């Protein structure tokens with residue numbers, strides 16, 4: 001038979017002394033303020049966070065390496081249904097399903113994606129949508145509060161909090177290009193968080209969660225809001241982000257110190273040209289064995305440097321590449337084409 005212990009004092013008890021409550025911890029008010037901030041951010045932002053379910057076409061040649069379905073996160077940025085997510089979440093999707101916090105489900109349409117920054121834009125047709133605002137990632141400081149909201153492993157609308165661990169990181173996207181101005185945070189992320197928002201204490205989006213280093217603890221990354229806003233604007237207007245290419249393959253190599261000294265070069269590395277597309281923009285100009293060291297009077301030290309210069313402003317415009325050819329410095333004119 002179960003016994004219940006009463007918490008009511010016996011009526012004949014005459015000792016009216018009660019134990020004194022423990023003194024509040026000196027950090028109690030600070031912790032409470034922190035909790036209130038995270039709770040407030042969660043309540044403000046969660047209605048704008050969505051779960052994205054995708055159905056993908058299975059590669060018949062390697063069916064075991066590719067899952068026919070997947071999930072990720074996203075967030076609504078306008079009342080007309082534009083949703084930001086990661087490119088790798090929706091890339092190759094045959095069907096996109098968007099689930100809101102209140103349980104409503106919509107078919108999503110891919111407006112455009114940019115694998116080079118791992119960002120994509122999806123749109124749904126729904127009523128009463130709650131949108132979040134972008135914040136200014138340029139003003140972030142290491143150590144400030146960061147809150148991540150997403151759907152890790154399908155657990156919908158999970159909230160984690162931490163701090164901005166570092167700024168100005170670079171991260172290589174699945175396309176091979178480097179993503180600049182990446183935010184590092186220790187707010188816990190897991191598969192399924194991809195595409196969800198990283199927000200500040202005011203509930204403003206400061207980054208788009210994009211990657212986590214699985215063997216490590218507390219190493220998570222988000223594309224900065226400044227870059228995300230630029231890419232999203234391009235996707236809304238043009239459906240893509242335009243970039244140039246010159247049609248070469250190469251690798252970063254050290255430059256002979258004698259050449260650096262003789263030509264008074266500002267960089268000690270360059271790009272060794274290993275191949276030139278026969279019909280590419282650089283055909284007839286660059287040769288295998290050339291070392292590219294400059295782009296319109298700007299030093300080029302690596303392939304990533306070259307990618308940065310080959311933005312939309314370079315397309316169909318004559319540019320000058322400084323190269324070392326057989327130890328001699330020369331200039332080659334190339335007109336980049338638009339990358340398809």
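Values in this text are rule-based calculations from the coordinates and carry no lab data. Keep in mind that what you see is a predicted model, and the values were worked out from it rather than measured.
With Rg and Dmax of the Cα atoms in Å in mind, check (i) 26.8, 106; (ii) 25.7, 101; (iii) 18.7, 58 and report the label derived from this structure.
(i)
State, as an integer percentage, the relative contact order of the range 244-338 based on alpha-carbon contacts under 8 Å between residues 6 or more apart. Kindly include the intermediate steps, with their values, before the conclusion.
Details: 209 pairs, mean separation 28.8, N = 95.
30 percent.
Quick one: angle between helix 28-45 and the longest Cα principal axis of the chain, in degrees between 0 and 90, rounded to 10, please.
Once rounded, one gets 60 degrees.
How big is the equivalent ellipsoid of the range 74-126 along its three axes, where each semi-axis is √(5λ) from the Cα gyration tensor, reported in whole Å from largest to smallest? Can you show the working numbers first?
Details: eigenvalues 67, 27, 16 Å².
Taking √(5λ) for each Cα gyration eigenvalue gives 18, 12, 9 Å.
Tell me, what is the percent relative contact order of the chain, built from C-alpha pairs under 8 Å that lie six or more residues apart? Let's see the in-between values first.
Working: 786 pairs, mean separation 41.1, N = 340.
It rounds to 12 percent for the chain.
Between the alpha-carbon centers of the range 245-298 and the range 157-211, tell me the distance in whole angstrom.
34
Can you give the angle from 0 to 90° between the axis of helix 225-238 and the longest principal axis of the chain, with both taken from C-alpha atoms, to the nearest 10?
70
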